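Here the structure comes first, spelled out in C-alpha cells, and everything after it is commentary.
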C-alpha cells in the first residue's frame, strides 16, 4: 500500500514538473539580433543596419517604404518593431542584455532621462563632434540638441514634434444644437459639459451622453492640459526662487478639484482612471461622448470614424481656454519627440559609427524625409501646388506609411524642401493652425535640461505615489489632507533630494 | 523515500557488497542506461533553464551595470536588501502578497477538489466528458482576455453588471477601482480560469481507486456521501497534500500578468504585490539589481513556506514532497 502511494505521488510530481515545464518560460527578450558590420571596405555592398523602433499601429507594417529606403541608401535594414505600449521595457531589457541595435530610438523625453545614467557611463557614442561633418545632420538645431544633452555633451539626434499639440476636440453639431459657441474660459467649458449631459444633445430622448471622455493618462490625457488652463507649471515651476514639482502648486490642486467635480456630476466617463486610449476614442467616435482633450491633430483620424457612424456629426477644435491669472497657457515638450541613440555594444568602431551616421544623415535628405513622412506620391499622397494631400484610405496609410514616420530625423524646421500638407478637411487645417498658435502660449518645463541623480534612480516609482494620490483625490477617495500626506510621503522618500538636486543643477547651469 | 525505492528496487546485490558500492552504481547506471537517457531531457531542462540562470542572482549583491557585466560590476553587499526593507511600501507589499495567497488557498484550493468529486459522481460518461472539457477551456484563455471581459462587464459606464444593479434599484458599484472589491474579484477570476484545469490530477487519482472498495461499501449499505467521505477522499489525501505543499511553494507566484492588469491607482494599496513591484522598479526604471534583490527575497519566503508545509505534512503522517 505504502509503495503504491509513493509511486502515485511520484507520478504526480513528474506530471506536475512536465506541466510546469510547458507553462513556464514565457516572456524574455526575443532572440539576439545579429548586428551588421564588417562591410566597410566594399562600397557597393549594402551596409547592414539594425534598428529598433516603436510601432504605433496594431499590425506589422508592410516593408514597401523600407525597401525604398534600402535602395536609396544602399543598406540592408533590419527593423525590430516593438509595440509602443511596452517600448521602454523592451529598451531596458535589451540594454541589460547588451542587445540594443545600432540605431536605437527612445520614444520621448522621459525615456531619455531614464537612460541618462547609462549615457553618462559611456554606453552610447557621443555624436556631437561628428554632426558638423554631415550635410543634413548639421542642420539640427543646437538649442534643441542642448535639451537632449547629458552633462553638456550630445549623444542623440532628435525628431521634431510641434511644441504643443494640446487642445479640445468637440462635437460642434451638439454645441450648435444647444446654442453653444466654442468655449473660451473654464466656466464656459464646464457649462458645455453640463449642457451636453443634461440637454440630450444626440436627440435620442435619453439622458445617456457622457460629456468628456478621458483616459488613464495624467499627461497625454486631459489632466495636464486642463492643469495648464489653471496655470499649473509644466512638471516643475519656480516659487520663491526655488524649483518645485508641479503638484506642490495650488493650481494643481485646483485642477484636481475641477476633475473631482466633473466626476461627481457625471460629466466625465466614470472609469477614466482605467480607460485605455482606444476605449476613450471609441466613446467619442460612437457618439456617446462629446468632448475629447488631447492632441488636436487626432481629429484627422477621429473625424472619419465619427462620420462613418453618424454622417451628420461635425467635429471642431479649440485651444484657448482662459483660466489662470496669466491668461491662456499650454504645456509644451522640449522641442523634440523621439530621440535616437547609438549604443556602443552594437557599434564597435568609429568607422562603423560613421557609416550609421551617414545612413541617418541620408534619412534627413529632402527626398527620403518626404518619403518617410508622406509615403509614395500617387500611392499614399498626391501633390497639388507643391503641397501634399494624403490618401483618404486610413488603413493603407496605417499599414504602409505611419509606422515609418518614427524614423524621421529632424522635421519641417530642419529639412529644407520638406513638403507641407494641404488639408482637405477644414477641421484638420484648423487643428494645425491652432497647434502653431499654441506656440505663443507655451508653458515650458524649466527642468527639461536639468539633472537629478535621485530622480534618475527612483523618480518613476516616486511619481506613482503622486499619480495614485491624484486619481484618488479626483475620485473622492482622499481629501486635501490625504493628498498633502502623499506629497509629504514623496518628499520623505527621496522627493526632497530630487528638489535639492534639481535646484543645484539649475544653479550650476546658470 | 528514495532510499527505500532503491533498496527495494532493481539490484539487491548492491546491498550485499557495500564496499564496492561505487562501481556497482556505475554498473547499474550502464545497465539501465536507456532509462537514464529518458531522464536526460528533463535533467537538462532543469539544469539549463532553472539552475544555471540562478547564478544571475549574484547581481542582487552588486550595482549591476549592463556594460560592466556580472564580472566587473561593483559589489555592494546587502545595500539593495536594506533599501527594500526600508521602502515605505515594503510592508504593504508583503501583506498584500500574503493576504492574496491566503485567500487563494482558502477559496480557490478546495474548488477543484469539490468539482472533481462532483464530476467523479457523474454516471453518464458522455456528459462527464462534456462538462470536463467545458470547465478546462478557461484555462487556455490568457489573463488579458479574462481581465478585458471583466472590465467590459464591470465598467461603471454601461457595464452589464452595473446596469443590472441599477435596474434592480441598487447603487452602482465601482468594482474596478475599489480597494474593497479587488481581492474578491481576483480570487473569482482565478477560480473561473483554473478550477476546471485543477481537477485533472484529482480525477486521475480518483480513477486509480480500487472499485472493489466501493463495491464492498455498497454491500455494507454506505450512501454516496459516505462513500465519498470514507473512500474517495482518504484515497486522494496524499495527492491533496502534495498539491497543497506545491501550492504553498507558489505562495508568492500570484500571477504577475493577472495582478498587473487589474492594478490601478485606486486599488494599489491592496493590489501591489512583489511581482508588480519588481516590474515597476526593475524593467520600467532599469534597476536590475534592486529588482533581483526583491525577487530573491520573494523566493526565500517561498522556500521557507514549502519547508514548513512539508515538515507539517510529515508531522501529520503524510508523505511530503521530499
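Of all residues in region A:209-235, count the ones that are assigned to a strand (DSSP E or B) and either surrounded by fewer than 22 Cβ atoms within 10 Å (Cβ to Cβ) or free of Cβ contacts under 8 Å to residues at least 12 places away in the same chain (or both).
0
Check region A:319-332 and report whether any residue there is within 14 Å of another protein chain (Cβ to nearest Cβ) and either modelled with pLDDT of 90 or more or under 20 Å from the mean Cα position of the chain (by Cα) (or both).
no
Looking at region B:309-318 only, could you name the residues that are part of a helix (DSSP H, G or I) and either without any contact (Cβ under 8 Å) to a residue 12 or more places away in the chain or in contact with a strand residue (DSSP E or B) (Cβ under 8 Å, 6 or more places away or on another chain) (or both)?
B:311, B:312, B:314, B:315 - these are the residues of region B:309-318 that are part of a helix (DSSP H, G or I) and either without any contact (Cβ under 8 Å) to a residue 12 or more places away in the chain or in contact with a strand residue (DSSP E or B) (Cβ under 8 Å, 6 or more places away or on another chain) (or both).
Could you look through region A:94-119, keep only residues that are at the interface with another protein chain (Cβ under 9 Å from one of its Cβ atoms), closer than 17 Å to residue A:456 by Cα and in contact (Cβ under 8 Å) with a residue 60 or more places away in the chain, and pick out the one that is surrounded by the most Cβ atoms within 10 Å (Cβ to Cβ)?
A:115
From A:456, A:503, which residue is touching a strand residue (DSSP E or B) at 6+ places or on another chain (Cβ under 9 Å), buried (at least 18 other Cβ atoms within 10 Å of the Cβ) and in contact (Cβ under 8 Å) with a residue 40 or more places away in the chain?
It is A:503.
Of the numbered conditions (1) surrounded by fewer than 22 Cβ atoms within 10 Å (Cβ to Cβ); (2) assigned to a loop (DSSP other than H, G, I, E, B), residue A:188 satisfies every one except a single condition; which is it?
(2)
Out of the residues in region A:119-138 that are in contact with a strand residue (DSSP E or B) (Cβ under 7 Å, 6 or more places away or on another chain) and part of a helix (DSSP H, G or I), state the one that is modelled with the lowest pLDDT.
A:120
How many residues are farther than 30 Å from residue B:273 by Cβ, in contact with a helix residue (DSSP H, G or I) (Cβ under 8 Å, 6 or more places away or on another chain) and away from every other protein chain (no Cβ under 14 Å) when one looks only at region B:194-230?
Looking only at that region, the number is 9.
Looking at this structure, is residue A:244 within 30 Å of residue A:502 (Cβ to Cβ) and surrounded by fewer than 21 Cβ atoms within 10 Å (Cβ to Cβ)?
Criteria met by residue A:244.
Is it fair to say residue B:321 is surrounded by 19 or more Cβ atoms within 10 Å (Cβ to Cβ), within 14 Å of another protein chain (Cβ to nearest Cβ) and outside any helix (DSSP H, G or I)?
So residue B:321 passes the test.
Within region A:459-493, how many residues turn out to be under 16 Å from residue A:246 (Cα atoms), touching a residue at least 24 places away in the same chain (Cβ under 8 Å) and either in the same structural domain as residue A:268 (by TED's automatic domain parsing) or surrounded by fewer than 17 Cβ atoms within 10 Å (Cβ to Cβ) (or both)?
So the answer is 2.
So, in region B:32-53, exactly how many residues are in contact (Cβ under 8 Å) with a residue 12 or more places away in the chain and part of a helix (DSSP H, G or I)?
Residues meeting the conditions: 0.
State whether the residues of region A:386-395 include one that is surrounded by fewer than 18 Cβ atoms within 10 Å (Cβ to Cβ), under 24 Å from the mean Cα position of the chain (by Cα) and part of a helix (DSSP H, G or I).
Checking region A:386-395: at least one residue is surrounded by fewer than 18 Cβ atoms within 10 Å (Cβ to Cβ), under 24 Å from the mean Cα position of the chain (by Cα) and part of a helix (DSSP H, G or I).
Please go through region A:451-483 and pick out each residue that is out of contact with any helix residue (DSSP H, G or I) (no Cβ under 9 Å at 6 or more places or on another chain) and more than 8 Å from chain B (Cβ to nearest Cβ).
A:481
Regarding region A:165-175, can at least one residue be identified that is in a loop (DSSP other than H, G, I, E, B) and surrounded by fewer than 21 Cβ atoms within 10 Å (Cβ to Cβ)?
no
Taking region A:99-117 on its own, how many of its residues are closer than 16 Å to residue A:455 by Cβ and in contact with a strand residue (DSSP E or B) (Cβ under 7 Å, 6 or more places away or on another chain)?
Of the residues in region A:99-117, 3 are closer than 16 Å to residue A:455 by Cβ and in contact with a strand residue (DSSP E or B) (Cβ under 7 Å, 6 or more places away or on another chain).
Select from region B:123-148 the residues that are more than 14 Å from chain A (Cβ to nearest Cβ) and free of Cβ contacts under 8 Å to residues at least 40 places away in the same chain and list them in ascending order.
B:123, B:124, B:125, B:126, B:127, B:128, B:129, B:130, B:131, B:133, B:145
Which is surrounded by 10 or more Cβ atoms within 10 Å (Cβ to Cβ) and either modelled with pLDDT under 85 or within 14 Å of another protein chain (Cβ to nearest Cβ) (or both), of B:76, B:16, B:58?
B:76
Does residue A:501 meet the test of being assigned to a helix (DSSP H, G or I), within 14 Å of chain B (Cβ to nearest Cβ) and more than 21 Å from the chain's Cα centre (by Cα)?
Criteria not met by residue A:501.
Please give the helices (runs of 4 or more DSSP H) falling wholly within region B:101-170 in which 1 or more residues are under 28 Å from residue B:261 (Cβ atoms) and over 26 Å from the mean Cα position of the chain (by Cα).
B:143-154, B:160-167
Within region A:262-286, which residues are more than 12 Å from chain B (Cβ to nearest Cβ), closer than 17 Å to residue A:472 by Cβ and in contact with a strand residue (DSSP E or B) (Cβ under 6 Å, 6 or more places away or on another chain)?
If the condition is that a residue be more than 12 Å from chain B (Cβ to nearest Cβ), closer than 17 Å to residue A:472 by Cβ and in contact with a strand residue (DSSP E or B) (Cβ under 6 Å, 6 or more places away or on another chain), then A:262 is the only one that fits.
Given the conditions (1) surrounded by fewer than 18 Cβ atoms within 10 Å (Cβ to Cβ); (2) part of a loop (DSSP other than H, G, I, E, B); (3) under 21 Å from the mean Cα position of the chain (by Cα), report the number of the one that residue A:450 does not fulfil.
Evaluating residue A:450 over (1) surrounded by fewer than 18 Cβ atoms within 10 Å (Cβ to Cβ); (2) part of a loop (DSSP other than H, G, I, E, B); (3) under 21 Å from the mean Cα position of the chain (by Cα) leaves (1) as the failure.
Consider residue B:278 carefully, then state whether it is more than 10 Å from chain A (Cβ to nearest Cβ), modelled with pLDDT of 90 or more, out of contact with any strand residue (DSSP E or B) (no Cβ under 7 Å at 6 or more places or on another chain) and under 26 Å from residue B:141 (Cα atoms).
no
Among the residues of region A:139-152, write down those that are part of a helix (DSSP H, G or I) and surrounded by 13 or more Cβ atoms within 10 Å (Cβ to Cβ).
Correct list: A:139, A:144, A:145, A:146, A:147, A:148.
Looking at A:416, A:437 in this structure, which one is assigned to a loop (DSSP other than H, G, I, E, B) and either in the same structural domain as residue A:319 (by TED's automatic domain parsing) or surrounded by fewer than 19 Cβ atoms within 10 Å (Cβ to Cβ) (or both)?
Among A:416, A:437, only A:416 is assigned to a loop (DSSP other than H, G, I, E, B) and either in the same structural domain as residue A:319 (by TED's automatic domain parsing) or surrounded by fewer than 19 Cβ atoms within 10 Å (Cβ to Cβ) (or both).
The values are calculated or read from the model by the stated rules, or taken from the named source; none is laboratory data. Because the structure is a prediction, the values reported are computed rather than measured. Note: ideal-geometry Cβ built from the backbone for every residue, glycine included; neighbour counts use all protein chains shown.
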